[in-house]
Amino acid sequence: ATAMSAAFCQRLLLAAALLVQGGAAVAAAVLPHYAADRTVGVGSCASSLCHGAVETWKDSPVLQNEYITWSRADKHARAYSVLLNDRSREIVRRLGVTQPAHQNDLCLDCHAHNPPPAQRGPGFQLSDGVSCEGCHGPASRWLSSHVEPGATHARNLAAGMYPTDNDVARARLCVSCHIGNAQKLVTHKIMAAGHPRMSFELDTFTQIGPAHFRIDADWRQRKGSWDGVRAWAIGQAVAAQEQLLLLQGARGRDGLFPELVLFDCHSCHHAMNDRRNTAARLGAGPGVVRLNDANLLMLRQIARRVGGDATDFAQQVGRLHKAVAAGSDALTQSRVVTSAIESMLPKISTHRFGGEDVRAILLGLVDDGIDGQYADYQGAEQAVMALQSVAEFMVRQKLLRAPALQPVMRRLLDAVAEDEKYRPAVFQQALRDVRAVIDTGARP
């Protein structure tokens, strides 16, 4: 097998092992893009008697206006049309590819639901972008049965519906485009041609959806509990795993260089008179291009709360950084960290994050930043999204008062508003302000 196909098999086997939450149907879930079932097209969902109602139905456990929400307000519905703009045309020109972006699988694999032609039904249209079936799975086997009397969520999953209610499965799905995997990745070359830098955090992106579901008693009865902090933690673990699998060879090389998109952008991308060294906190000397460890930094806090050995995990990540910098045993050490995350993820999936957990995570993230752990922009960006998720949970649980916290959180957001203008000292001061408010003014 090729290196890419071997890595793909490894990823599928690993994902199957991790999907312990939700039973056998979840464990066997295949990403919609690779599913063998036939895609029928969004028209099958759009009727006003199905999911195309303008207003939500009264006394219905399902909103019934999901198609309207998607088509009018969800950026996924416009992902294909982006490929027709001037920027996309310029990107493919710079890449030297002959097919235009809207006909090129390199772009379509994430900007649309792009199953093989043989699996496209009469109602399928690429121009629908990331459509209903791009997330919920090709519907040929479950379209009719999911509305039958007595239909259950478990039966829908068995018929090929993708388990988006499962945090691990949803993370795998979202990460496959918003970060990338062995089959589709916004590489350093694609970014250099003009593609925006990729950034993702599961809970934040879920919240800004916009949501086309409602977490109520019926939802919980059919699908289980909803926990934004747990979703954040699982998203960090899955993203870190995918990055490490890519590092282990799921992507080729650009000449003599490794895939640079896996490393800290600002190790290289700064003015020559800016003497920053983003690897300094690792004890590395100047000139070291540091592996992007934003998700790993978040996992260190998570490990402290879910029964893992946080000290051992931090040491494993430290050894990984040293191996990458030295150019020796990096792949071996990355597999060690991957295995540690594999062991941690089932614990995260079943952990009930309480007030003590989230407060410890919140303060741990803040204190890490004050101590200089987020000298790089990508780490700071992940920390801010994490702090938002955790703080929102604490406000809902009446563990923090929102009015006292909102001004300092806005300053924190401003500090990471533009990656080119990111200044670690400014970010650290904003974190100190957050810490002071938590300690003195934000508690009920």
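The values are calculated or read from the model by the stated rules, or taken from the named source; none is laboratory data. Since the structure is predicted, the reported quantities are computational estimates derived from the model, not experimental observations. Using ideal geometry, Cβ is built from the backbone for each residue, glycine included, and neighbour counts are taken over all protein chains shown. Just so you know, the surface numbers come from the protein's heavy atoms only, side chains and all, with ligands and any DNA or RNA stripped out. Shrake-Rupley method; radii C 1.70, N 1.55, O 1.52, S 1.80 Å.
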Gyration tensor verdict on the range 350-443 (Cα atoms; rounded if a/c is under 1.5, prolate if a/b is larger than b/c, oblate otherwise)
prolate
Between [x] 235; [y] 138; [z] 158, which entry matches volume of the Cα convex hull per residue in Å³ as derived from the coordinates of this structure?
[z]
Listed residues ALA375, ALA217, ALA193; largest mean-square fluctuation, Gaussian network over the chain with Cα springs below 10 Å, found at ALA217
Net charge over other residues, Cβ less than 13 angstrom from the Cβ of PHE313 (K, R count +1; D, E count -1):
+1
Choose one answer from LEU291, LEU63, LEU31: the residue with the largest mean-square fluctuation in a GNM of the chain with alpha-carbon springs under 10 Å.
LEU63
List, in order, the whole-Hz ³J(HN,Hα) value for each residue of the range 375-380 obtained from phi through the Karplus relation with A = 6.51, B = -1.76, C = 1.60 and θ = phi - 60°; use x for Gly and Pro.
5, 8, 5, 5, x, 5
The correct ranking of SER343, SER47 by accessible area at 1.4 Å, largest first, is SER343, SER47
Show GLU381, GLU55, GLU90, GLU133 ordered by accessible area, largest first, where the area counts protein heavy atoms only and the probe is 1.4 Å.
GLU55, GLU90, GLU381, GLU133
Using a 7 Å offset from the Cα along the Cα-to-Cβ direction at both ARG197 and VAL82, what is the distance between the two label points in nm, to one decimal?
1.6
Length-normalised contact order for the chain - Cα pairs under 8 Å, 6+ apart - percent
14
Residue-wise HN-Hα coupling along the range 67-84, computed from phi with Karplus coefficients 6.51, -1.76, 1.60 (Hz; x: Gly, Pro):
5, 5, 4, 4, 5, 9, 10, 9, 5, 4, 5, 10, 5, 5, 4, 4, 5, 9
What's the center-to-center distance, using Cα atoms, between the range 73-89 and the range 320-350 in Å?
36
With Cα springs under 10 Å, the Gaussian network model of the chain assigns the largest mean-square fluctuation among GLN207, GLN236, GLN378 to GLN207
At a probe size of 1.4 Å, how large is the accessible area of SER140, to the nearest 10 Å²?
60
Can you list the trypsin sites (Lys or Arg not before Pro) in the range 161-239 that are in a DSSP coil and have 15 or fewer other beta carbons within 10 angstrom?
ARG197, ARG214
